[in-house]
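Below is one structure; the comments refer to it alone.
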Amino acid sequence: MLDESRHAVFFGGAGVSVPSGIPDFRSPDGLAGKKYPYPFEVILSHEFFFTHTEEFWNYCFNELDPSAAKPNAAHIALAELEKRGKLKAVVTQNIDGLHEAAGSRRVFELHGTAAKGHCVRCGKVYGADAMRARRPVPRCDCGGLIKPDIVLYGESLDESTVEGACEEIAESDLLIVGGTSLSVYPAAGFISLARGKKAFINKTPAPRGSVRFDLEITGDILLLSRLV
């Protein structure tokens, strides 16, 4: 299917980064299983950021800091496929920046990135190292709060990112979906835009619904490395 494709696109979720040591959100071993006074959906919300800022940042530094993680074989394979001209884009629900770290250049981060942030007062941009250096509550030189560039619960997805991702998916003649249970909306709904062939690889089977996959592989996302 990949050999015959002229416009392949990859759509991925948290499972792509689990082999790199980054937990997913909803599995018992993921963020949902961590013991905190509030559910992660509450902590990672727009309102919580402003009302419990120190607790918010403590959670981010403990659970969402990707600084020690490295791209795994799946990230590297996707970057190599792009380099060879076989893959046109990566659409990801992840916020860890590992696709870019592996060398992928055309990446649409639907839920933003934890690799940088900005001052909510003046807009100044800060990298991950600069934010860590300003613990416990990162503040800008102007005194404003620094907010990580992730899409929090209660916020809308970035319009230009969504438009670009949807255009790539709609133009694809092969959409490879991997490392996701397709349970997070609206992002998961974007795959219905694909009119070409669709392949699915995940540790759990694809949900039964309106999207039909031409190929389903129940297995580890690292199997993507066999494509290169």
Would you tally the residues in the range 98-125 being in contact with a Pro (Cβ under 6 Å, 6 or more places away or on another chain), open to solvent by less than 20 Å² (accessible area, probe 1.4 Å) and without any contact (Cβ under 8 Å) to a residue 40 or more places away in the chain?
1
Is it fair to say Gly21 is under 19 Å from the mean Cα position of the chain (by Cα) and exposed (fewer than 14 other Cβ atoms within 10 Å of the Cβ)?
yes
Quick one: would you say Ala170 is open to solvent by less than 30 Å² (accessible area, probe 1.4 Å), free of Cβ contacts under 8 Å to residues at least 60 places away in the same chain, hydrophobic (A, V, I, L, M, F, W, C) and farther than 21 Å from Gly97 by Cβ?
no
Kindly list, by first and then second residue, each pair from a residue in the range 193-221 that is farther than 23 Å from Glu4 by Cα to a residue that is surrounded by fewer than 18 Cβ atoms within 10 Å (Cβ to Cβ), limited to pairs with Cβ atoms under 6 Å and residues at least 6 apart or on different chains.
Pro205/Thr218; Ala206/Phe213; Ala206/Glu216
Can you give me the number of residues within the range 32-67 that are farther than 20 Å from Glu155 by Cα and surrounded by 20 or more Cβ atoms within 10 Å (Cβ to Cβ)?
1
Go through the residues of the range 174-182 one by one and say whether even a single one is open to solvent by 70 Å² or more (accessible area, probe 1.4 Å) and in contact with a Gly (Cβ under 7 Å, 6 or more places away or on another chain).
no
Filter the range 135-150 for residues that are surrounded by 14 or more Cβ atoms within 10 Å (Cβ to Cβ) and assigned to a loop (DSSP other than H, G, I, E, B) and give the result.
Pro138, Cys140, Gly144
Selection count, the range 28-74, where residues are in contact with a Lys or Arg (Cβ under 8 Å, 6 or more places away or on another chain) and among the hydrophobic types (A, V, I, L, M, F, W, C):
5
Can you tell me which residue among Asp24, Asp3, Asp96, Asp65 is among the acidic types (Asp, Glu) and within 16 Å of Ile201 (Cβ to Cβ)?
Asp24
Give Ser160, Ser181, Ser192, Ser156 a once-over and let me know the one that is in a loop (DSSP other than H, G, I, E, B) and over 22 Å from His75 (Cα atoms).
Ser156
Being open to solvent by 50 Å² or more (accessible area, probe 1.4 Å), in contact (Cβ under 8 Å) with a residue 40 or more places away in the chain and among the aromatic types (Phe, Trp, Tyr) is the requirement here; does Tyr153 meet it?
yes
Inspect the range 68-80 for any residue being open to solvent by less than 60 Å² (accessible area, probe 1.4 Å), modelled with pLDDT under 95 and in contact with a helix residue (DSSP H, G or I) (Cβ under 8 Å, 6 or more places away or on another chain) and give the result as yes or no.
yes
Which condition from (1) touching a helix residue (DSSP H, G or I) at 6+ places or on another chain (Cβ under 9 Å); (2) surrounded by 15 or more Cβ atoms within 10 Å (Cβ to Cβ); (3) at pLDDT below 95 is the one that Ala128 breaks?
(1)
Return the residue satisfying two criteria in turn: it lies in the range 195-210 and is polar (S, T, N, Q) and assigned to a loop (DSSP other than H, G, I, E, B), and of such residues it is least open to solvent (accessible area, probe 1.4 Å).
Thr204
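The values are calculated or read from the model by the stated rules, or taken from the named source; none is laboratory data. For clarity, every value in this text was computed on a predicted model and none was experimentally measured. Heads up, the Cβs are rebuilt from the backbone with ideal geometry, glycines too, and the neighbour counts pull from every protein chain shown. For the accessible areas, the whole protein counts, side chains as well, though only heavy atoms, and no ligand, DNA or RNA atoms are used. Shrake-Rupley method; radii C 1.70, N 1.55, O 1.52, S 1.80 Å.
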